[in-house]
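Below: one structure, written as structure tokens.
The values are calculated or read from the model by the stated rules, or taken from the named source; none is laboratory data. If you're wondering where the values come from, they're calculated on a predicted model, not measured in any experiment. Note that each Cβ is placed from the backbone with ideal geometry, even for glycine, and that neighbours are counted across all protein chains shown. Surface areas here come from the heavy atoms of the whole protein model, side chains and all, with no ligands, DNA or RNA. Shrake-Rupley method; radii C 1.70, N 1.55, O 1.52, S 1.80 Å.
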Amino acid sequence: MIRNSTESYGLVSKLLHSLIAFSIIGLIGLGWWMVGLSYYDAWYHTGLELHRAIGICVLLLASIFVIWKVISPSPGLQKSLKPMEKVGAKVVHIILLLSMFVVPLTGYAISTSSGSGFTFFGLFDIPSIMAITDATRDLAISLHYYIAYGLIAVVLLHAGAAFKHQFIDKKGTLKRMF
Ligand code: HEM
């Protein structure tokens, strides 16, 4: 089943969700690791190049995820959820959706702040749209940092709820998405 049905997610949404989820979790780990490297470490430049290029992939995948949501609407939350659980799930999904865009976009703003672009896996350059002021760059750095690390808590809550509904409440929640 390629499209979403009223009961479950289809192949496209499942694939996009997994790719985005693993990329974001990987990028948080990579980001944390690479900022601890010294300038002379062999991975100092490669780590950052990978982080930027994978971040651009997340931005692309997130755009496709949203376009696909319009073409093939999500199944909607499970009817067996309590009203408060439905509100919580909706709020968390909106935070996750917004973060998929805000974190890569602030990363792009930081990386192109001086007006020059950066390489996409050494294949071609992602150009800078415009140089930004130091104050805007500082704001982008803070947003990138706090939202990325804040996402750890939100993802844990999101995945924790999915596991609880799957294994404790036995509502087959994970099966709908994986
Ligand atoms: C191990 C990590 C994760 C697990 C186990 C997981 C699990 C799930 C499950 C089971 C659903 C479907 C809920 C339902 O049927 O109502 C879902 C939906 C969703 N997940 Fe995740 N997820 C994970 C990570 C992430 C990450 C990292 C993001 C993005 C930053 C994300 C974003 C979303 C969004 C936006 C939806 C709602 C899709 C829609 O609009 O219908 N998830 N997730």
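Observations on the model:
- When residue 6 is tested against (1) open to solvent by 60 Å² or more (accessible area, probe 1.4 Å); (2) modelled with pLDDT of 95 or more, just one condition goes unmet, and that condition is (2).
- Pair list, Cβ < 9 Å and 6+ apart or interchain, from the stretch 157-178 residues that are open to solvent by 100 Å² or more (accessible area, probe 1.4 Å) and within 9 Å of the ligand (Cβ to nearest atom) to residues that are among the aliphatic types (A, V, I, L, M) and part of a helix (DSSP H, G or I): 163/174
- Residue in the stretch 34-49 that is near the ligand (Cβ under 10 Å from one of its atoms) and in contact (Cβ under 8 Å) with a residue 40 or more places away in the chain present: no
- Summed over the stretch 33-49, the residues that are open to solvent by 90 Å² or more (accessible area, probe 1.4 Å) and closer than 14 Å to residue 107 by Cα give a count of 1.
- Odd one out for residue 81, checked against (1) assigned to a helix (DSSP H, G or I); (2) within 11 Å of the ligand (Cβ to nearest atom); (3) not polar (S, T, N, Q): (1)
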